[in-house]
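Please treat every number below as a calculation from the coordinates, not as lab data. All values reported here derive from a predicted model rather than from experimental measurement. Cβ atoms come from the backbone with ideal geometry, glycine included; neighbour counts cover every protein chain shown.
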Amino acid sequence: MAKPKSWLEPHPQGLYVKPADLWIDPSRPVERAAVTHGHADHARSGHGAVFATPETLAIMALRYGVDVAASHNQAFAYGDGFERGGVRFSFHPAGHVLGSAQILMEYAGERIVITGDYKRRADPTCAPFEVVPCDIFITEATFGLPVFRHPPTGQEIAKLIGAVRAEPDRSVLVGAYALGKAQRVIAELRAAGWDAPIYIHGALEKMCALYAAHGIDLGDLRLVSETDKADMAGQIIVAPPSALNDRWSRRLPDPVTAMASGWMRVRQRARQRMVELPLVISDHADWDELTMTISEVNPKETWITHGSEDGLLRWCELHQRKARALHLVGRDLEEEA
Amino acid sequence: MKRFAALIDRLIYTRSRNSKLALIVDYLRHTPDPDRGWAIAALTESLDFPAVKSAMVRALLATRVDEELFRLSRHFVGDTAETAALLWPESPTVRGEERLSLSKSRLEPPAAVLRDAPSTSSGAPQDERNSLTVSAAVDALSAATRATAPAILASLLDRLDADGRYALLKLALGGMRVGVSARLAKQAFAQAFDVAVDDVEELWHAIPPPYAPLFAWGEGRAERPDLADVAFFRPFMLAHPLEDGTVDLADYAAEWKWDGIRVQIVRGGAETRIYSRGGEEISAAFPELVAAFDQDAVIDGELLVRGEVQGGEAASFNALQQRLGRKTVSKKMLADYPAFVRVYDLLAVDGNDLRPLPWTERRRQLEGFVPRLAASHFDLSHVIDATDFDDLAERRAGARDAAIEGVMLKRRDAPYVAGRRAGLWYKWKRDPLTADCVMMYAQRGNGRRASFYSDYTFGCWSDEGELLPVGKAYSGFTDEELKWLDKFVRDNTLNRFGPVHEVEKSLVLEVAFDSIHASKRHKSGLAMRFPRISRIRRDKPAEEADRIATLLAMVT
């Protein structure tokens with residue numbers, strides 16, 4: 001069996017699959033890239049050829065103008081894949097955002113899974129995570145500390161709806177990352193029975209339309225810019241986090257500032273962001289999901305990337321699991337968690 | 001505990017004072033005794049459990065959680081109580097039902113099996129978890145000794161969810177930091193039960209937590225509690241600013257206004273207590289004054305410290321700040337910053353309430369009383385012997401004492417009444433000093449101003465031609481001016497350091513301030529007292545702003 005280091009090389013700018021001459025989620029433009037999902041810290045513009053799920057390619061087309069139709073870009077449904085340089089690549093659901101995938105690589109009798117970002121709990125906007133047995137499991141560790149235990153999503157959505165109803169003269173402005181979190185919050189609100197129009201920031205419009213085109217019903221969405229201030233009293237508004245306390249928010253009726261993020265678990269973090277209503281809703285695995293997933297996958301070796309590597313590394317040590325931390329650069333953990 | 005935990009959570013994220021007030025009012029109205037009393041005592045930091053300290057909590061955590069994981073988590077979270085609340089292991093059944101329900105596990109039993117599995121860990125079942133009351137927790141913690149505290153705290157933590165554990169640990173360890181002062185709590189009480197806040201202030205410190213007689217009185221179920229033999233707080237008489245007019249010195253007596261902190265010292269029931277202006281007890285910070293005040297009386301005066309520079313006379317407010325906000329005081333502090341009180345009113349003496357008497361009579365008795373106190377720690381605030389108002393104005397302008405902030409004018413025939421009544425007392429501050437400074441950095445404000453850059457750091461020129469920060473201000477401008485300043489910041493930002501924007505050093509702000517002192521806070525070595533923006537000097541080039549040397553000449 002070939003040593004993993006001899007065919008998969010961790011570099012600060014990403015993982016390089018040597019026999020295939022291909023990078024996974026590289027942080028700078030390369031000739032050939034396999035991409036786990038559409039977030040900007042994993043999917044960059046300027047690659048020669050992109051291998052990804054159809055949804056991820058569609059997102060990259062929307063964000064960077066990647067040409068989906070071009071023959072060098074190839075889309076693969078979950079379970080499908082391709083072979084290059086003797087390495088078999090396949091895509092498997094990661095449960096993170098629409099189109100997000102784990103990538104399984106098989107070479108010389110060895111199986112390596114790279115998760116990209118993932119979570120284990122239910123999400124109405126994407127396919128659920130699948131456990132893929134492997135020898136080396138490369139996991140994210142955004143919330144790799146035992147303080148991070150996300151509460152049930154339904155409880156947080158109920159908190160949001162409760163806040164809107166408590167002050168019908170005001171509005172609640174929810175800061176949510178433009179790809180994934182915003183659509184998930186909207187879909188969860190719909191699932192909880194919130195059928196009033198939801199008002200969105202212009203920066204979310206195209207991504208919400210893309211989700212709708214992929215069969216995810218987000219209900220009646222309206223643009224804040226096309227709505228009278230008074231009509232938004234007692235309503236929910238969704239915007240990217242950067243718009244929360246900016247001039248843009250002055251057009252809303254006395255907004256209560258909410259933020260949907262796993263970081264909201266820590267009170268000081270929420271206060272620093274001037275948040276009045278923290279909503280602990282995350283698209284990343286919490287501590288229990290991370291550790292449970294490692295146990296379920298039960299790999300020979302665990303590699304840990306971006307996040308609190310030290311915490312998860314310590315857990316592996318305590319559970320006699322072989323593990324190492326990779327230090328990849330360019331991962332933006334703050335905004336989209 | 002669930003309601004209390006929810007209250008704390010709301011208070012943490014609520015910035016406006018009125019909203020905080022509304023939350024507490026609602027809690028007091030809808031929570032039974034004695035929980036509400038303990039809760040309000042915890043919010044105002046009036047509880048202490050000597051057996052429960054953060055080192056003990058850390059040691060307890062180490063028995064449940066790996067120490068290295070605790071250390072990493074504590075480092076990330078930054079607060080022991082919050083880290084412990086989040087890390088405390090709990091049973092899986094109480095943590096939400098949807099967990100992992102969609103995972104397509106190939107190696108483990110399906111999630112449904114996990115979900116329905118009975119609780120096997122130490123966590124209590126759901127119904128018991130919400131039943132722990134604040135008072136049961138307080139009782140258990142009060143009964144704890146150093147030996148039993150870890151087991152007692154552990155059993156309480158096992159009965160709570162993460163928010164409840166946070167509330168419990170903050171209640172046990174103090175350091176709530178939810179922005180609720182004793183003053184705000186008393187106002188909330190008054191509002192909740194529609195009683196006069198002055199009455200609440202008097203009664204508050206006379207009754208220990210959980211304040212059952214206070215609630216009984218508030219709800220009309222009992223008479224006003226009797227305060228004989230208790231060192232209770234009398235609400236202060238306050239002054240209006242003297243705007244433009246003058247007063248006739250035949251009707252008003254003039255005294256210096258001292259730049260210290262206003263205190264009330266009360267001896268009753270063989271106990272001496274010192275209260276600050278907000279009615280917070282600060283006795284622990286000034287043990288030498290508590291020890292020295294041995295007369296059955298209530299005085300109103302200014303707490304000051306003696307400064308070497310001032311030849312043993314009252315020093316500036318800057319020196320006094322070293323002594324404020326402390327729970328214990330070192331010998332060095334006592335020696336370096338000796339405190340004393342300059343007394344200006346006598347509210348009670350030898351069991352007689354003097355408050356109904358006119359100022360002239362209280363003053364006569366005060367002058368007779370002060371010699372009964374130790375001269376090392378108490379002196380009399382003298383009446384300014386001005387011939388007429390013009391003479392007074394002249395003296396006010398000429399006052400150079402470091403501790404003089406202006407002049408007080410007190411109506412000679414007025415009794416001592418709580419609060420700010422028209423026409424009785426006036427404060428006439430010295431004219432503010434001003435300096436032309438250059439805006440250097442800006443930050444967003446809070447609440448209504450969250451989208452505006454409304455907090456400005458400004459500087460003056462050093463001899464080397466470098467701009468050094470001298471202060472920070474966030475008031476003094478109109479709403480229109482704020483809009484203009486906000487736009488200036490956005491259009492002229494050079495750099496961002498987190499929330500702080502560095503701006504083009506081109507805008508001159510005229511800053512008004514009461515005084516200026518030596519300080520290590522700013523690189524310039526100066527700090528202003530009460531700085532505010534008095535004018536925006538768009539007309540003035542930045543190079544012509546004031547120099548540090550000019551400000552140094554104003555230091556008192």
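Side notes on the structure shown:
- With semi-axes defined as the square roots of five times the eigenvalues of the C-alpha gyration tensor, the equivalent ellipsoid of segment B:162-286 measures 32, 20, 17 Å, largest first.
- Residue with peak Gaussian network fluctuation, chain A [Cα springs, cutoff 10 Å], from A:47, A:150, A:284: A:47
- Stretch gain in nm, segment residue B:9-residue B:504, where the contour uses 0.36 nm per residue and the Cα spacing is subtracted: 174.2 nm
- Note on residue A:324 and residue A:203: with the Förster distance fixed at 51 Å, the Cβ-Cβ geometry gives a FRET efficiency of about 0.85.
- Mean separation of Cα contacts under 8 Å (6+ apart) over length of segment A:21-171, as relative contact order %: 14 percent
- Gain in span if fully extended, residue B:377 to residue B:413, counting 0.36 nm per residue against the direct Cα distance: 10.0 nm
- Cα-based equivalent ellipsoid of the protein assembly as shown: semi-axis lengths in Å, sorted from largest, via gyration tensor: 60, 34, 25
- Label-point gap, in nm, between residue A:21 and residue B:67 - each point 7 angstrom along Cα→Cβ: 5.4 nm
- Summarising the overall dimensions of segment B:362-488 from its C-alpha atoms, the Rg and Dmax are 22.0, 61 angstrom.
- Cα gyration tensor shape of segment A:47-129, rounded if a/c is under 1.5, else prolate or oblate by comparing a/b with b/c: oblate
- Ellipticity at 222 nm from helices only: DSSP H runs of n ≥ 4 in the protein assembly as shown, each -39500 (n - 2.57), divided by the residue count, give -8500 deg cm²/dmol.
- Summing charges over all other residues whose Cβ lies under 10 Å from the Cβ of residue A:21, with Lys and Arg as +1 and Asp and Glu as -1, gives +2.
- Computed Rg/Rh of segment A:93-206, alpha carbon atoms with Kirkwood Rh: 1.07
- Relative pair counts by distance (%), Cα atoms of segment B:395-435, 10 Å bins: 24, 41, 29, 5, 0
- Of all DSSP bridge pairs formed entirely within the protein assembly as shown, close to 70 percent run antiparallel.
- With each label modelled as a point 7 angstrom along the Cα→C-beta vector, the residue B:155-residue B:54 pair spans 2.8 nm.
- Centre-to-centre separation between the Cα atoms of segment A:68-112 and those of segment B:1-71: 50 Å.
- Formal net charge of residues neighbouring residue B:352 (Cβ-Cβ distance under 12 Å; K, R +1; D, E -1): -2
- Cα gyration tensor shape of chain A, rounded if a/c is under 1.5, else prolate or oblate by comparing a/b with b/c: prolate
- Lys, Arg +1 and Asp, Glu -1 on Cβ, resulting dipole of chain A about Cα centre, debye, nearest 20: 620 debye
- Exposed loop sites here are trypsin sites (Lys or Arg not before Pro) assigned a DSSP state other than H, G, I, E or B and surrounded by at most 15 other beta carbons within 10 Å; excluding them, the longest clear run of chain A is A:1-299.
- Angle between chain B longest axis and helix B:2-13 axis [Cα atoms, degrees, rounded to 10]: 50 degrees
- Rounded if a/c under 1.5, otherwise prolate or oblate - chain B, Cα gyration tensor axes: oblate
- R0 of 51 Å, Cβ-Cβ distance residue B:251-residue B:333: FRET efficiency to nearest 0.05: 0.75
- Peptide A:129-137 has a mean shielding of 2, counted as Cβ atoms of other protein chains within 10 Å of each residue's Cβ.
- Considering segment B:416-509 at the alpha-carbon level, its Rg and Dmax are found to be 17.3, 55 Å.
- Inverse mean reciprocal Cα-Cα distance (Kirkwood Rh) of segment B:212-275, Å: 15.9 Å
- Within a Gaussian network of chain A (alpha carbon springs, distance under 10 Å), most fluctuating of A:52, A:182, A:233: A:233
- Proximal charge balance of residue B:30 [Cβ under 11 Å; K/R count +1, D/E count -1]: +1
- Simple label model, 7 Å out from Cα along Cβ direction - residue B:479 to residue B:29, nm: 2.9 nm
- Where GluC sites (Glu not before Pro) in DSSP loops with at most 10 other Cβ within 10 Å are excluded, longest remaining stretch of chain B: B:1-222
- Ranking B:533, B:443, B:227 by how far each Cα lies toward the positive end of the dipole of chain B (charges on Cβ) leaves B:443 at the top.
- With contacts taken as Cα pairs under 8 Å at a separation of at least 6 residues, chain B carries a relative contact order of 11 percent.
- D_trans [Stokes-Einstein, Kirkwood Rh over alpha-carbon pairs] for segment B:499-556, 10 °C, 1.306 mPa s, µm² s⁻¹: 124 µm²/s
- Segment B:197-227: chymotrypsin sites (Phe, Trp or Tyr not before Pro) in DSSP loop, at most 14 other beta carbons within 10 Å: none
- Using C-alpha pairs under 8 Å with a sequence gap of at least 6, the mean separation divided by the residue count of segment B:229-298 gives a relative contact order of 32 percent.
- The charge dipole of segment A:45-178, taken about its Cα centre with unit charges on the Cβ atoms of Lys, Arg (+1), Asp and Glu (-1) only, comes to about 360 debye.
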